[in-house]
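The next block holds one structure in the form of structure tokens; read it before the comments.
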Amino acid sequence: MIFNKVLIANRGEIAVRVIRACRELGIQTVAVYSEADRQALHVRYADEAYLLGPAPSRESYLRGDRIIEIAQKSGAWAIHPGYGFLAERADFAQACLEAGLAFIGPKPSAISAMGDKAVARATVSAAGVPVVPGTEGEGGLRDEDLLELGPKIGFPLLIKATAGGGGKGMREVHDPQEMPALIHAARREAEAAFGDGNVYLEKLVEGARHIEFQVLGDLHGNVIHLGERECSLQRRHQKLLEESPSPFVGDDEDLRQRMGSVAVRAARAVDYANAGTIEFLVDKDKNFYFLEMNTRLQVEHPVTEMVTGVDIVKEQIRIARGRQMRYTQEDLRLNGWAIECRINAEDPYNNFLPSTGHITHCLIPTGPGVRVDTGVYPGFEISPYYDSLISKLIVWGETRAEAILRMRRALEEYKIVGVRTNIPFHQNLMDSHRFMGGQFDTRFVEERFSMDAAEDKDPQPQIAAIIATLVAHRQTQRAAHIIQRNERDTSNWKWISRWERMQR
Ligand code: MV4
């Protein structure tokens, strides 16, 4: 088999990311693009590029048949699906294999088992993985079954779509009386979104955090985890910021080790190979429950790369080639701290309304510990056809405090002219006491965070501690040359002087 050409069935920053990994491995790259993406960066970076069709995804990036045809014609050995689009379509992965192409991802059977949330729950639970108490078995529950099981599980509970993901077809039930209407609403929403109205029940875990583990498996039965990512900062099921390690797990190595081995166990339950992510809900008392598995490379994979030193995309390709992974669990250490801000073309001052238009200017932050994965450049047009992710700004620091200070600095350097972006949102977030103290759950952005006023200012001990760390860090960095400070730079000092006053 010739391994020297890969087709990337995606666009934007992730297509660029995969092309970069191929380049480093000496692999030729084939891009595909829609009519809206003629000028896109991934098209420019690839060795060859082929037009798929009109802008709408259904007519371009979701045309699995055309993509397979192009892969065969161009002599590609494999297809990398990136995330979104065809990445978690078992039928597409199967069609690749039948066309004699490698699919850089897991087996179709693992994609389908994890794609149905009720099947996933039953499968990992049978393997000894903790799941939230709820309905058992592989679904197919009728309304009568659900109404009978509800009170046994107890309220409040959640109705979830088996085909779910992204919170669609999900309903909270606080009062048994509401069950029939909410089952109906959840089924209707799931039917509309996924063409599958099946639902199941779980006890509602309140005030939980969303912590996920990166896993990697090869075709020789080795499965390892690469530590966790904290993903609780999201809005309407869209993640906005991710970090690794999780400040909630922190230096609790025992918790990390237990969650990590459960993640590996969940992956093994479906004979998993390639890169995947096990999502957990973690409650205040550090009880953790399997939520779902994402059978793809994720948007936030770079924070894991920064703290482990593993190039996950290169590892994916190596695994698809049938090689052993380069790492064993014992080889891996989490070094320092990484934070990723998703930079979206949306207006944080106007309910995060998507913003479109030509990018006229771009100044991208660089320097120590800064990585920017982007799919745009000056002259590129942000169209309404795809998601609003412009780029990912990732920083690394020796400590969480250094990472936060670095993120502040990088956000201030970042200039994008032509569309509105959520950079001001991230700047406000960096100033939030709760963010600094690592005291947030999945409701934080929607319920407690506002763009105009910083939230409560109680000097809680953990917050004081992190500000103290920020101060200590800043003091060690006080170099001989004081350069002129701009506004944002001054704001670091503002926090520090506030803390210093608090100490008097
Ligand atoms: C939950 C939960 C609380 N309890 N399940 C949201 C999307 C879907 N993937 C699962 N989700 C949740 N499931 C139980 N039993 C809370 C959420 C949830 C959530 C989970 C992860 C990240 C953000 C979230 C935001 C709201 C609700």
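Here are the numbers for the structure shown:
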{"read-out": "Breaking point among (1) of a type outside the set (S, T, N, Q); (2) more than 16 Å from the ligand (Cβ to nearest atom); (3) modelled with pLDDT of 90 or more; (4) under 29 Å from F280 (Cβ atoms), for D441", "value": "(2)"}
{"read-out": "Residue list for region 67-97, restricted to those being more than 18 Å from I19 (Cβ to Cβ) and either touching a helix residue (DSSP H, G or I) at 6+ places or on another chain (Cβ under 9 Å) or in contact (Cβ under 8 Å) with a residue 24 or more places away in the chain (or both)", "value": "I68, Q72, E88, R89, A90, D91, F92, A93, Q94, A95, C96, L97"}
{"read-out": "The lone exception for R187 - which of (1) surrounded by 18 or more Cβ atoms within 10 Å (Cβ to Cβ); (2) within 16 Å of the ligand (Cβ to nearest atom); (3) among the basic types (K, R) it fails", "value": "(2)"}
{"read-out": "Flag if G336 is modelled with pLDDT of 95 or more, surrounded by fewer than 18 Cβ atoms within 10 Å (Cβ to Cβ) and over 20 Å from the mean Cα position of the chain (by Cα)", "value": "no"}
{"read-out": "Matching residues, region 356-367, being surrounded by fewer than 17 Cβ atoms within 10 Å (Cβ to Cβ) and within 24 Å of the chain's Cα centre (by Cα)", "value": "T356, I364, T366"}
{"read-out": "Among (1) out of contact with any helix residue (DSSP H, G or I) (no Cβ under 6 Å at 6 or more places or on another chain); (2) in contact (Cβ under 8 Å) with a residue 60 or more places away in the chain; (3) more than 16 Å from the ligand (Cβ to nearest atom), the one test that L332 misses", "value": "(1)"}
{"read-out": "Tally of residues being in contact (Cβ under 8 Å) with a residue 24 or more places away in the chain, of a type outside the set (V, I, T), within 13 Å of the ligand (Cβ to nearest atom) and buried (at least 17 other Cβ atoms within 10 Å of the Cβ) across region 139-174", "value": "8"}
{"read-out": "Some residue of region 205-220 being modelled with pLDDT under 95 and at positive phi", "value": "yes"}
{"read-out": "Test: residue in region 314-327 that is under 16 Å from the mean Cα position of the chain (by Cα), crowded, with 22+ Cβ neighbours inside 10 Å, touching a residue at least 40 places away in the same chain (Cβ under 8 Å) and not in a loop (DSSP other than H, G, I, E, B)", "value": "no"}
{"read-out": "Any chance S74 is modelled with pLDDT of 95 or more, closer than 22 Å to N4 by Cα, surrounded by fewer than 20 Cβ atoms within 10 Å (Cβ to Cβ) and of a type in the set (G, A, S)", "value": "yes"}
{"read-out": "Selection within region 190-208 - over 30 Å from G438 (Cβ atoms), surrounded by 17 or more Cβ atoms within 10 Å (Cβ to Cβ) and of a type outside the set (F, W, Y)", "value": "A190, G197, N198, V199, L201"}
{"read-out": "Residue match in region 340-348 (condition: within 16 Å of the ligand (Cβ to nearest atom), over 30 Å from E402 (Cα atoms) and under 18 Å from the mean Cα position of the chain (by Cα))", "value": "no"}
{"read-out": "Residue list for region 277-291, filter: more than 11 Å from the ligand (Cβ to nearest atom) and among the acidic types (D, E)", "value": "D285"}
{"read-out": "From R44, R58, residue being farther than 27 Å from E340 by Cβ and in a helix (DSSP H, G or I)", "value": "R58"}
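Let's see how each residue does on (1) charged (D, E, K, R); (2) within 16 Å of the ligand (Cβ to nearest atom); (3) in a strand (DSSP E or B):
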| site | (1), (2), (3) |
| --- | --- |
| G221 | no, no, no |
| S246 | no, yes, no |
| G250 | no, no, no |
| R258 | yes, no, no |
| R265 | yes, no, no |
| R268 | yes, no, no |
| M293 | no, yes, yes |
| V299 | no, yes, no |
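The values are calculated or read from the model by the stated rules, or taken from the named source; none is laboratory data. What you see is a predicted model; the values in this text were computed from it and never measured. Don't worry about glycine lacking a Cβ; one is built from the backbone with ideal geometry, like all the others, and counts go over all protein chains shown.
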